[in-house]
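Below is one structure, written out as structure tokens; the observations come after it.
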2 protein chains.
Amino acid sequence: MRLLLVEDDERVAAALVAVLGRHGFQVRHARSGHEALDALVPDGNEPYRVVLLDLGLPDRDGFEVCSRIRAGSGVPVIMVTARADVRSRIHGLNLGADDYVTKPYDMGELLARIHAVARRGAAPAAVAVSAPDTVPQQRGPLESRGIRIDRERRRVSVDGRDVPLTRKEFDLLALLAQSPGVVYRREQIFSEVWRSGWEGNGRTLEVHIGSLRNKLALPGLVEAVRGVGYRLIPDCPTPAAAEPAPSAPAEH
Amino acid sequence: MRLLLVEDDERVAAALVAVLGRHGFQVRHARSGHEALDALVPDGNEPYRVVLLDLGLPDRDGFEVCSRIRAGSGVPVIMVTARADVRSRIHGLNLGADDYVTKPYDMGELLARIHAVARRGAAPAAVAVSAPDTVPQQRGPLESRGIRIDRERRRVSVDGRDVPLTRKEFDLLALLAQSPGVVYRREQIFSEVWRSGWEGNGRTLEVHIGSLRNKLALPGLVEAVRGVGYRLIPDCPTPAAAEPAPSAPAEH
DNA sequence: AGCCGATCTGAGCGGAACTTGAGGATCACG
DNA sequence: CGTGATCCTCAAGTTCCGCTCAGATCGGCT
């Protein structure tokens, strides 16, 4: 049974490889998200039955890797991270992770969880090769359409112009900007930006979206999806078309 | 989306039913393991998409119920219990539970986990397994016949052309596309696409099917099955050969 | 306390989405 | 070939939902 381990810490990785190996897994070790995505491209070999996504500190990247994996494949993903707060858990699960385990964890439990997701049988590697990088998504301060979002300083600028945002506005934007194009449902937004489990009573969300739109002054950027939620329109004109690229699985 | 809640404490159950209902689940409440097992017997209704197994004190029974459920069905099971020790967790997971959540839990996280296990859909251990190549492809973008359905982005494109769909149209298409070729009964469609098991009064369903057909502009794609429901015609011209109608839904 | 910005709530508006009803087309079956 | 049931289309209603504005409430700061 093949398993893909994504882990940047060599020592942790070595230990895991050893244990997992002893339990019958054939482990492939990827040291970065990029390497992981490469490894997941179908190559005729037996596909991976589960991905163990364990990015130590740069967790932002972990989330991003997860959603990219999800964009092209249905492999079960277990996120393993030190970030134990509920927000992160919910966020990770909403991005498509199948399970979310926080460190420190019990090895036995991790194994049990791996088996639990693996026995569900991965949906057959989903769509063909296509859609490897349909959505360009920078790392670090993410940028698209002239918007620059600095998560650490919680600052946003449009075309160099600094735009002061309130807390909620920023969180909202940061969430949507995580995966431009993806539709975030209202409940999902509430559980990630507000305290989880909170149902917006009034027009709260709309009001904040409204003021966010005003401040950014980029018409059409934040799009409402009727009856569902909101999304950011990515800069590439036709993102949906996604270009099946009939002849060439042109990977950048 | 139907959900089976197994919970012996009336108050906890009531609260959960309320919250889950608000989040679009059609909840059936079983007060005991026995009742739960009864409820899981296939009865022609839409099957449960997930079981929330929350046995407060008589936990012994909880494990047993879980393994019995697993013996007869492939529904995803989430165990919710106060027993937090690693032993119990491992035991529960090894018995076939898909996730194990300990009280007290965060409602938002529970919801996220419910969605996570429901997302991948039950491996239908049910009867209708027949068709071998109609693996319900639950994750990632769906694609067939030049139609690309991206559920995350709620976008559909036909031969690269972006086709804007309304909520109902999209949900309808996404449902049918889950298993091309399989016939979805009207009631089933209503309970999936329209929340709460409300049987459509007028020509609602037909109208939506109509506009969906118009927008997709792929004649013959969405086929009406007289007196039953609708289905998508898969791209493989005729998986017909396998039409011995073994356990055919005898139309009397 | 008093100020001020941030957040929340409620009412009204406009438009998109949904529903309904009637008439015509099609199908299954005698 | 006739008949009833079922499905499709079209053109109204009707509901729902997101947007905006204005005022209320909350919370931090001096």
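Since every read-out is calculated from the coordinates, none of them should be taken as a lab result. If you're wondering where the values come from, they're calculated on a predicted model, not measured in any experiment. When we count neighbours, we look across all protein chains shown, and the Cβ atoms used for this are built from the backbone with ideal geometry, even at glycine.
Observations on the model:
- Here the stretch A:207-226 and the stretch A:1-69 have alpha carbon centers that stand 38 Å from each other.
- Between A:E206 and A:H34, the C-beta separation translates, for a Förster distance of 30 Å, into a calculated FRET efficiency of about 0.20.
- Using a 7 Å projection from Cα along Cα-to-Cβ, the label point at A:D43 is separated from the same position in the remaining copies by 5.2 nm, smallest value first.
- Contact order for the stretch B:40-102, expressed relative to its length and based on alpha carbon pairs under 8 Å spaced 6+ residues apart, stands at 34 percent.
- Relative contact order for the stretch B:1-120, counting Cα pairs under 8 Å that sit 6 or more residues apart, in percent: 23 percent
- Aspartates and glutamates whose Cα lies under 14 Å from that of A:K168, excluding same-chain neighbours fewer than 8 positions away: A:E192, A:E206
- Taking a ≥ b ≥ c as the square roots of the eigenvalues of the alpha carbon gyration tensor, the stretch A:59-113 is oblate, as a/c is not under 1.5 and a/b does not beat b/c.
- Annotation for the stretch B:148-242: chymotrypsin sites (Phe, Trp or Tyr not before Pro) lying in DSSP loop with at most 13 further Cβ atoms inside 10 Å of their Cβ are B:W198.
- Relative contact order, whole percent, for the stretch B:1-57 stands at 55, derived from Cα pairs under 8 Å and 6 or more residues apart.
- Gain in span if fully extended, A:N45 to A:A224, counting 0.36 nm per residue against the direct Cα distance: 60.2 nm
- A DSSP coil position with no more than 15 other Cβ atoms inside 10 Å describes the following GluC sites (Glu not before Pro) in the stretch A:162-223: A:E199.
- Among B:H91, B:A112, B:P42 the positive-end extreme of the charge dipole of the stretch B:26-113 (Cβ point charges): B:H91
- Lysines with Cα under 25 Å of A:K103, excluding same-chain neighbours fewer than 8 positions away: B:K103
- Copies compared at A:A82 - label distances in nm, ascending, label defined 7 Å from Cα in the Cβ direction: 3.4
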